[in-house]
Each structure stands twice: as structure tokens, then as C-alpha cells.
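A short worksheet on the structure shown next.
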Amino acid sequence: MTTVTPTSVTEADSGEAVRAATVYTTFDSPVGELLLVGVPSAGAPGGTALASLSLPEQKGAATVQDGWLRDDAAFAAIRDQLTAYFEGRLTSFTIAYADEGTDFQRRVWRALETIPYGTTCTYGDIARQAGAPQAGVRAVGTAIGRNPLLVVRPCHRVIGADGALRGYAAGLERKERLLGLEGALAS
């Protein structure tokens, strides 16, 4: 399997016109029905950049808005990768995504993308990698909690300094399930 860091769609690619062209689909997964929200992008595999991947019960989850269009075909490449991931055949995603958030959030999210499949790291590790002082661990936790791309931007791989599972917008049970799928939990 090839490991490729996801590419970002620039603001120029995802400007005001994109908001009017938002598309979505759903995907049944072992952790529940995922809502995938995307925007058109010529540079994205399949022509759609992922803007959000969430679960209905998730804190801050996306919800389908008026004017969004359901377009299952627009997500074919993304759905193929999610299927392979949940079947244990894919360890890294090559999904283009719409890059939003503050500069600090984007630094934290880029740090998340470096956590290898099947491993975990601490909030302190992410704070150091994102250039935040140790006192910034709480701010890092907040930025991680606002990650709009569950699963593909692996915030589930971040654990407490004591090795305990801490905070996950979609619930600790789902975090544990994803880590178990990846073989990252000690038996």
C-alpha cells in the first residue's frame, strides 16, 4: 500500500462559488452512518474535495443544508478508500480535502496527518509538533475536537499522556473501535 499525505484544496479552488455547489452522500461504516460533504475540485481524485466527514451523534456534526445536492457518484473514489480502510486493506488516505479553519487549527490538523496507521501519540506530542507550548495542550485538544474530517484525518489516534483514551467528538466507543481496527490497542 502506498502512503500518501492527503492534498489540500487551496482557498482559490474552494472560494465562494464552491459553497453553492456543496454535495453530500452517506456511507454505512462499522462505526455508523458517515455523512460525507464535498465541494467540486478539478485537482481532486474523482473531482470532489472532502469538506466534512462526520457521524450524526458527533459533537459539531455537519447536517444536510438546503441547497446541498445528494451526489453519490461524486464520492466514488472517497467511498472506495473508506471501504478499503474499514476492510483493513488501506492504511493511508489519498483524499483531497477543502482546507478550512484557522492557521492554528490547520497546523494541528497537519500534525494529526503524520500519525502513522496503527500507532498513537499524545496531545502533548501534537502540541509540540504544531509549535504550541506545553501550556497549549488544551488549545490543541480544542482544535482536534473541531477536526471536520473524522477517520481520514486521524484524530482518533491521539490519546492522553497516561495512555487513556480521551475525548473524541464521535464518542470514546467509536475511538476505541477505530484504534482496534488499526491494531493500535494493547490486548
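The values are calculated or read from the model by the stated rules, or taken from the named source; none is laboratory data. Bear in mind that the values here come from a model prediction, so they are computed numbers and not experimental data. We place every Cβ from the backbone using ideal geometry, glycine too, and count neighbours over all the protein chains shown. Remember, those area values only see protein heavy atoms, side chains included, never the ligands or the DNA or RNA. Shrake-Rupley method; radii C 1.70, N 1.55, O 1.52, S 1.80 Å.
Computed values, structure above
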| read-out | value |
| --- | --- |
| 222 nm mean residue ellipticity, helices alone, for the chain (DSSP H n ≥ 4; -39,500 (n - 2.57); rounded to 500) | -7500 deg cm²/dmol |
| Amide hydrogen neighbours beyond the local backbone of S29, cut-off 5 Å, H modeled | L34 |
| Share antiparallel - DSSP beta bridges, the chain, percent rounded to 5 | 60 |
| Mean separation of Cα contacts under 8 Å (6+ apart) over length of the stretch 128-179, as relative contact order % | 25 |
| Within the chain, longest stretch free of exposed GluC sites (Glu not before Pro) [DSSP loop, at most 13 other beta carbons within 10 Å] | 88-187 |
| Listed candidates (i) 44, 34, 32; (ii) 73, 46, 32; (iii) 71, 35, 33 - label of the one calculated as Cα extents along the principal axes in Å | (i) |
| Relative contact order of the stretch 76-187, pairs being alpha-carbon contacts under 8 Å that are 6 or more residues apart, as % | 25 |
| 13 Å beta-carbon shell around G131, net charge (K/R +1, D/E -1) | +2 |
| Efficiency of FRET between T119 and A76 - r from beta-carbon atoms, R0 35 angstrom, step 0.05 | 0.75 |
| Largest-first ordering by accessible area, 1.4 Å probe, given options T122, T94, T25 | T94, T122, T25 |
| Theoretical gain in end-to-end length, E87 to L172 [0.36 nm per residue, Cα-Cα removed] | 28.5 nm |
| Phi-based couplings in Hz for the stretch 35-44 (Karplus 6.51, -1.76, 1.60; Gly and Pro marked x) | 9, 9, 10, x, 10, x, 8, 4, x, 8 |
| Residue-level accessible surface for T91, protein heavy atoms, 1.4 Å, Å² | 50 |
| The chain, relative contact order [Cα under 8 Å, separation at least 6], % | 23 |
